[in-house]
Each structure stands twice: as structure tokens, then as C-alpha cells.
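The values are calculated or read from the model by the stated rules, or taken from the named source; none is laboratory data. Because the structure is predicted, anything quoted here is derived from the model rather than measured. Positions of Cβ are backbone-derived with ideal geometry, glycine not excepted, and every protein chain shown enters the neighbour counts.
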């Protein structure tokens, strides 16, 4: 699954693009998702970037991950041959990664979370979590950040479950991805409300 809108969003982070391409190289099928957000020109550039590095990869365009099951289930098994013939090392994890986990028992401001995630350095690739949001006190909120984009979705009611927020971030093993700074920025979201 490739986010067509965000695939080339961080040109100043060549390690991120390299990591994405290595992961794609291990795929039987590449789903270019969110093509409606990317637009035709950006989508063509993403296809050129992938095609320049990976030969004969099957791609399908999608919106909201809507792909027919027969297409998904008909994908072939992984064959590392094309990657090895292209001279690439078949280890998609050779680029160092770092992860971070944040938990809070205090409700968080979605406005604060949006500002914090949009200001993250390019070395933070993805963040995701379940949030107890000030703006929606009765419902769990799903938070998904990719690059500078943040998607928020309302989930089921909290009911009798303990209300808490838990956010995980994944990025490059790089000095700009500072867990202490990220911890402080996310904790500060608990102090404000909309």
C-alpha cells in the first residue's frame, strides 16, 4: 500500500524515499492509494519514481483502499529475483528505524495534536493511535499521521473502558527524531482544549 499523495512529500529526506522503495521492491502488488488526493500529475510522478527503480511491478490505483478481493487474492508470491538482478540488497530494514510510544490518562486537544504532528520533522514517517480527545469526550478517536497529513476518525464510545490516549510514532534513526521533544510536545496537548 503506497500513499500516492505523500510518497514524494519529503524530498529533503532521501533515506525515507529509499526505505519506501525497498519496501515496495518486496511487494507482489502495489496499491497506489489516495489517488484522488494526489491528482494525475503527482500520481504520474510517483509511478515514474517507482518504475525507475523497480522493474515490472504490478500497480493498481485506489481510493480509500477500495480494491476488489479477487485482485488482492490473485497477487503472486514474492520472488526476490528481480530485486537481486537489479543489484539491490534484499533487506528492506537496512535503513535504521526508531519508534516512540506516548501514553496519557489526560484528555488531549485535537487542535494541539494537529499542530504538533504537522510540525514534526521529516524523519518522523508515521504516527498512529487511539486518543481520548477533549472535543469528543464520549468516543474513542483514531489518529493517523503520515508525513504532514493527519486523519482523525471517530470510533465507538468509551463505555466502561478506561479512557486514555496511546500514540506510536515511527521514523528514521536520526537526531532530528527526538523522543524527549516529542514526549513534551504531545504532553502539552493535554493542557489545552478547543
- prompt: Pairs, please: C-beta under 7 Å, at least 6 apart or cross-chain, first residue outside the structural domain of residue 124 (by TED's automatic domain parsing) and in the stretch 137-155, second at pLDDT 90 or above and surrounded by 15 or more Cβ atoms within 10 Å (Cβ to Cβ)?
  reply: none
- request: Kindly check whether there is at least one residue in the stretch 118-125 that is over 21 Å from residue 11 (Cα atoms) and within 20 Å of the chain's Cα centre (by Cα).
  value: no
task: Within the stretch 104-117, identify whether any single residue is surrounded by fewer than 19 Cβ atoms within 10 Å (Cβ to Cβ), over 30 Å from residue 26 (Cβ atoms) and without any contact (Cβ under 8 Å) to a residue 40 or more places away in the chain, and answer yes or no.
output: yes
statement: Over the stretch 9-18, the set of residues surrounded by fewer than 16 Cβ atoms within 10 Å (Cβ to Cβ) and closer than 14 Å to residue 50 by Cβ is 18
query: Before we move on, is residue 172 touching a residue at least 24 places away in the same chain (Cβ under 8 Å) and over 23 Å from residue 97 (Cα atoms)?
result: no
- line: Looking across the stretch 165-179 at residues that are out of contact with any helix residue (DSSP H, G or I) (no Cβ under 9 Å at 6 or more places or on another chain) and either modelled with pLDDT of 90 or more or in a loop (DSSP other than H, G, I, E, B) (or both), the single one that is surrounded by the most Cβ atoms within 10 Å (Cβ to Cβ) is 177
field: Any chance residue 15 is at pLDDT below 85, outside the structural domain of residue 149 (by TED's automatic domain parsing) and part of a loop (DSSP other than H, G, I, E, B)
entry: no
task: Among the numbered conditions (1) at pLDDT 90 or above; (2) closer than 16 Å to residue 177 by Cα, tell me where residue 125 comes up short.
output: (1)
